[in-house]
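Working notes for the structure below.
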2 protein chains.
Amino acid sequence: MAITQQQWIYAQRPQGTVGPSHYQLHTQPLDTSLAPGEVLIAARYFSVDPYMRIGQSAKATYDPQPHPLGVVQQGGVVAQVLASKASAFASGDWVHCYTGWQTHARVAAAELTLLDSTVAPVTTALGVLGMPGRTAWFGLTEAGRPHAGEVVVVSGAAGAVGSLVLQFAKRHGARVLGIAGGAAKCAWLRDTLGADWAIDYRDHADPDSMGAAIKALTGGVDVYFDNVGGMVTDAVLPLINRRARIVICGQISQYSGGLDTPPPGPRLLHHMLYQRATMQGILARDYVHRMDEMTRIVAPWVRAGEIVFEESIIDGFDQLPSALNALFTGEHRGKLLVKA
Amino acid sequence: MAITQQQWIYAQRPQGTVGPSHYQLHTQPLDTSLAPGEVLIAARYFSVDPYMRIGQSAKATYDPQPHPLGVVQQGGVVAQVLASKASAFASGDWVHCYTGWQTHARVAAAELTLLDSTVAPVTTALGVLGMPGRTAWFGLTEAGRPHAGEVVVVSGAAGAVGSLVLQFAKRHGARVLGIAGGAAKCAWLRDTLGADWAIDYRDHADPDSMGAAIKALTGGVDVYFDNVGGMVTDAVLPLINRRARIVICGQISQYSGGLDTPPPGPRLLHHMLYQRATMQGILARDYVHRMDEMTRIVAPWVRAGEIVFEESIIDGFDQLPSALNALFTGEHRGKLLVKA
């Protein structure tokens, strides 16, 4: 089998926004001869996630070292088996793996997870039944712990994680306010995802204005599920209720340079004291070993069509670096994927 | 019984530091006739606490309304009974109450707690066996949860709460770094309280410098018990270890105006995410009903002389407003009291 492998090599550390200038496209023939236990896969869908930009920070993040330069950009992939020397996999099988931004790869069978396309679309392994779903579910249930009747505020509510948090919180009986950018996204939060309220952060020039709007709608905030940080957090923190839970899931407003050089913002931790609130940082990898707890509950909702898991699919392997850029500047809703 | 009552009336809201200009001294005869169930007390020791300045903030704090103007400054007091029409109290008894900054008062018996001066000095009801001790004990054990071998960093470590947190953390087997202002306080933390390390924040012009010093001593921080906020928090947050616990007990660096108008500081919440840390605000009042849990453990230590609970006693009722000011500018160690 003659295969031409394409790879996006992470070549230069971004200072601000990441994009094509930080990657190099390598094209070469791939040796497709397999050792026992190896599988040849062709990537079909690539995950594009905000966390990728965290790993490009020059400072230590959740990993002690930044993403190395000169190697394939790491990331989750949904692929199909082209050839197999492992008994658990056959040609045509759909799999989930972490082979990153390359069109083809030889992989040890242990690094593959078989997908059942009759249970749910295979792309859900990169979304509602994968890392973003896990982040949303365990972040909300373990750190947010919403009760019926409570107010949950979700920032980045139109994103892959936020759009699921919003729906999961509604299922817990909470009243949910989603914050997103633009009137169209806000309409989607309300009309399609079922948010009780939506706020377009672009309508507000400062946190006092946004805070007044949130206060007028909700009266106060019991759970703040934060994907964004920055001005949105400045607006929400003074509004927390007694024993509020704040989930720090992302701080995307700082990813394009603000992790290396944190920008200033008002000091608001006294509100934690006033309200005896709890803030907890959460990361999807901490819950990998507990995926069965989540899929037991969420997969039936997905099968029954009760969860909206919109996917924005960009066509073409060559689009990957600009797709990553689009996470920080673009208009996509739900999960952003690139189709090979 | 002819008694002249003196009262410090909270008269004007401070913008920055609080002091005598915000109080008025009232002197008047007190009607000492008692109704059944009433007790006449003479205050002997007045508590002076940083939280008093929080209550003077113009914005909502842990109470929805600021401390009202035109009334006696609220606060804890150790007093003696002068006369009693309540069977549980007799002349000469020592009591703890919340009659605030006045020399004498008629009080309903239900508002008094009898003190046993043979168990511990009566002033400990305002310190190690009172509100500051409760704050230190439950803040550390419920929110900080230190393990043997872990690193605990305490800001405001020479204060009433911090000096106890430091010692309680040592008893849990933790390695403890105290942060305080001035070489004398730091020597006291090490030599008298048993801190493994002490840092004088005045030696550091910026958080990077202080952070480098903390990192060099400790390697990283598992529990940060914060009484101060501001630059100290800026120095510590980037040093937290995986699953760190941050206890927000006080933010005294913001009390002299910075609660009404929060000053800017670097946005550092991404470290909560990186390390999957937890931050929790704690307040002494939440644990009043659990004091028996603490005194069961701590009172024997106090009786055995195993806990250092230094008191800085300022003499004279007339000194109260300047004593409150001294909390924010002064050189006292441990618990600050005013003796009537």
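The values are calculated or read from the model by the stated rules, or taken from the named source; none is laboratory data. Please read these numbers as outputs of a predicted model, since none were measured by experiment. Here the Cβ positions follow ideal geometry from the backbone for every residue, glycine too, while neighbour counts run over all protein chains shown.
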| query | Residues in the stretch A:57-92 that are outside any loop (DSSP other than H, G, I, E, B) and surrounded by 15 or more Cβ atoms within 10 Å (Cβ to Cβ): how many? | reply | 9
| message | Would you confirm whether or not the stretch B:33-44 contains a residue that is at pLDDT below 95 and of a type outside the set (Val, Ile, Thr)? | response | no
| request: Determine whether the stretch B:283-303 contains at least one residue that is farther than 25 Å from B:Gly130 by Cα and in a helix (DSSP H, G or I). | output: no
| field | Residue match in the stretch B:270-279 (condition: more than 26 Å from A:Tyr62 (Cα to Cα) and without any contact (Cβ under 8 Å) to a residue 40 or more places away in the chain) | value | no
| Quick one: would you say A:Met294 is touching a helix residue (DSSP H, G or I) at 6+ places or on another chain (Cβ under 9 Å), among the hydrophobic types (A, V, I, L, M, F, W, C) and away from chain B (no Cβ under 11 Å)? | yes
| query | Only one residue in A:Gly173, A:Gly149 is touching a strand residue (DSSP E or B) at 6+ places or on another chain (Cβ under 8 Å), modelled with pLDDT of 95 or more and part of a loop (DSSP other than H, G, I, E, B). Which one? | reply | A:Gly149
| task | For the stretch A:18-28, indicate whether the set of residues that are more than 28 Å from A:Gly281 (Cβ to Cβ) and assigned to a loop (DSSP other than H, G, I, E, B) is non-empty. | result | no
| field | All positions within the stretch B:176-200 that are farther than 20 Å from B:Phe309 by Cα and surrounded by fewer than 22 Cβ atoms within 10 Å (Cβ to Cβ) | value | B:Asp200
| Can you name every residue in the stretch A:215-244 that is over 19 Å from A:Tyr274 (Cα atoms), in a helix (DSSP H, G or I) and either within 9 Å of chain B (Cβ to nearest Cβ) or free of Cβ contacts under 8 Å to residues at least 60 places away in the same chain (or both)? | A:Ala216, A:Leu217, A:Met231
| note | Looking across the stretch A:201-244 at residues that are among the hydroxyl-bearing types (Ser, Thr, Tyr) and under 25 Å from the mean Cα position of the chain (by Cα), the single one that is surrounded by the most Cβ atoms within 10 Å (Cβ to Cβ) is A:Tyr224
| Which of the residues that make up the stretch A:298-311 are out of contact with any Pro (no Cβ under 9 Å at 6 or more places or on another chain) and loosely packed, with under 13 Cβ neighbours inside 10 Å? | A:Pro300, A:Arg303, A:Ala304, A:Gly305
| said: Being in contact (Cβ under 8 Å) with a residue 60 or more places away in the chain and either surrounded by 23 or more Cβ atoms within 10 Å (Cβ to Cβ) or among the hydrophobic types (A, V, I, L, M, F, W, C) (or both): is that true of B:Val95 here? | reply: no
| task | Please state which of the following conditions B:Met279 fails to meet, knowing it meets all the rest: (1) within 14 Å of chain A (Cβ to nearest Cβ); (2) over 16 Å from the mean Cα position of the chain (by Cα); (3) of a type in the set (A, V, I, L, M, F, W, C); (4) in a helix (DSSP H, G or I). | result | (4)
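Rundown of residues vs (1) surrounded by 22 or more Cβ atoms within 10 Å (Cβ to Cβ); (2) closer than 30 Å to A:Ser253 by Cα; (3) at pLDDT 95 or above; (4) more than 10 Å from chain A (Cβ to nearest Cβ), yes/no style:
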{"residue": "B:Ile246", "(1), (2), (3), (4)": "yes, yes, yes, no"}
{"residue": "B:His289", "(1), (2), (3), (4)": "no, no, yes, yes"}
{"residue": "B:Ile313", "(1), (2), (3), (4)": "no, no, yes, yes"}
{"residue": "B:Glu331", "(1), (2), (3), (4)": "no, no, no, yes"}
| Can you spot a residue in the stretch B:197-205 that is of a type in the set (Asp, Glu), in contact with a helix residue (DSSP H, G or I) (Cβ under 6 Å, 6 or more places away or on another chain) and assigned to a helix (DSSP H, G or I)? | no
| request: Could you tell me whether the stretch B:251-262 includes any residue that is touching an Asp or Glu at 6+ places or on another chain (Cβ under 7 Å), modelled with pLDDT of 95 or more and not hydrophobic (A, V, I, L, M, F, W, C)? | output: no
| request: Please find, within the stretch A:1-17, the residue that is nearest to the chain's Cα centre (by Cα) out of those that are assigned to a loop (DSSP other than H, G, I, E, B) and surrounded by fewer than 18 Cβ atoms within 10 Å (Cβ to Cβ). | output: A:Thr17
